[in-house]
Structure formats: C-alpha cells, structure tokens
Amino acid sequence: MKIRIYVEGGGEQKIGKEKVRQGFGQFFQKALGESSTSIRVIACGGRSATFRDFKNGVDAHPDEFVILLVDSEARVVDGDTVWTHLKKRDPSWEKPLSTTEDQFHLMVQTMEAWLIADLQALQNFYKQHFNENPIPKNSNVEDIEKARLEPALQNASKNTTKGVYHKINHGPQLLGMIDPQRVQKASRHCKRLLDKLIEILQ
C-alpha cells in the first residue's frame, strides 16, 4: 500500500517545503530502506494548512494510507490519544469520519526534539565550535519543553561556520542525517510512527 504523509513545516515558500520533503524522505529511507519508496511526503507549511491538506488527501486518495504528522507543541498527557491531544490544542479541528487513530502522529514536542536525540549527527553537521553544553541531556526528549528546544540548538551552533541553527535552512538537512534508531529510543511517538509505517509496508 502506498502512504502519504502530510507534515508540518517548510514555511510559506516552495523551496522551504521542498527542503522539508527531502529531509523527511531521507529520514524515512534510513529507517525503512527500499520500502520507503512507497511513501510520499507532502510538506504543507503551517499547522492549519497541514490539517487542511491532510483532510483533502483523505478524500482524494482513498486507496492510500494517509497520515498527519505535526508538532505536539506541548507534552502529551499520559492516557491521551493523539487525536485527544490535537483536539485540545486545536479545538476547531474536526476529525474526518473515515480516519482512524493510527493516522494521526506527533513530533513531541516539536521536530527539534528529534534532532536533539542524535547529538552525534549535530556534531557531524556543525563540526568545529559546536557546543553541546546547551543541549538538554534527557533520554526522553518528549519531556523537553518546546520553549527550550530551538534556543538550545541556536546556542549550541552560534559559533560554528554554518551559523546559528535555522529551522528551514538547517532543520531539513539535519533530519536527513539523524539516526532513526536513536530518535525512536528517545521518542515514543517517533517509534509509534515508524512501527506503523513498517506494519503497513510489510
């Protein structure tokens, strides 16, 4: 079965969305190997646009498994389903009738948590003068507050030749470099997504 993943990110410009699409594509290729060719990533920009495009995708592609992947923006309360969490964050969202819970997935608390999960990849990307000290050392990256994630990466990278971490210029490249095994060990929601993709593709 073919899979379509509507993912938050990339900003409003086409080039930013293309970078995000490529970054996630490389991440899934690392995680899933050749079977990742059955996955199409659609970077949609903002959060509301991502949900709108996801809903349209559900209607337009009934023969494909259509997934929503957005930032959780906050810690997911124990016991809450992903849809319960999303509905709390975005009360105006209405769940498409034909969808199931396993079509909704989260980056907890933002995409940057996935990046922080692989310190070695960050060091390999930024190289000299990368300072790992500002990066929170937490084996469960989902516990790191959203407000700490991007500033930590910015502070860690500010003296490198690549410059301060930039969500669109650096984020997608880092997505393509991080080790999915490390990320899913540190993020149960990433593991939930990868497990679902493996299940479908088998």
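The values are calculated or read from the model by the stated rules, or taken from the named source; none is laboratory data. The model shown is predicted, which means the values in this text are computed figures rather than measured ones. Reconstructed Cβ throughout: ideal geometry from the backbone, glycine too, with neighbour counts over all protein chains shown.
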Would you mention how many residues in the stretch 148-159 are crowded, with 17+ Cβ neighbours inside 10 Å and in a loop (DSSP other than H, G, I, E, B)? 0
On the given criteria, is Lys55 in a helix (DSSP H, G or I) and either modelled with pLDDT under 95 or under 18 Å from the mean Cα position of the chain (by Cα) (or both)? no
Condition (residue is among the basic types (Lys, Arg) and assigned to a helix (DSSP H, G or I)) applied to the stretch 170-187: is it met by at least one residue? yes
For residues that are among the basic types (Lys, Arg) and within 23 Å of Lys191 (Cβ to Cβ), tally how many sit in the stretch 51-86. 1
Select from the stretch 83-107 the residues that are of a type in the set (Ser, Thr, Tyr) and either touching a residue at least 24 places away in the same chain (Cβ under 8 Å) or not in a loop (DSSP other than H, G, I, E, B) (or both) and list them in ascending order. Thr84, Ser98, Thr99
Scan the stretch 26-42 and report the pairs whose first residue is crowded, with 16+ Cβ neighbours inside 10 Å and whose second residue is outside any strand (DSSP E or B) and β-branched (Val, Ile, Thr), with Cβ atoms within less than 7 Å and a gap of 6+ or a chain change. Phe27/Ile178; Leu32/Ile198
Go through the stretch 110-121 and count every residue that is surrounded by 23 or more Cβ atoms within 10 Å (Cβ to Cβ) and out of contact with any Asp or Glu (no Cβ under 7 Å at 6 or more places or on another chain). 4
For the stretch 60-82: of the residues being more than 23 Å from Trp114 (Cα to Cα) and in contact (Cβ under 8 Å) with a residue 24 or more places away in the chain, which is surrounded by the most Cβ atoms within 10 Å (Cβ to Cβ)? Phe65
Residue, farthest from Val82 (Cα to Cα), within the stretch 170-202, restricted to residues that are polar (S, T, N, Q) and at pLDDT 95 or above: Gln173
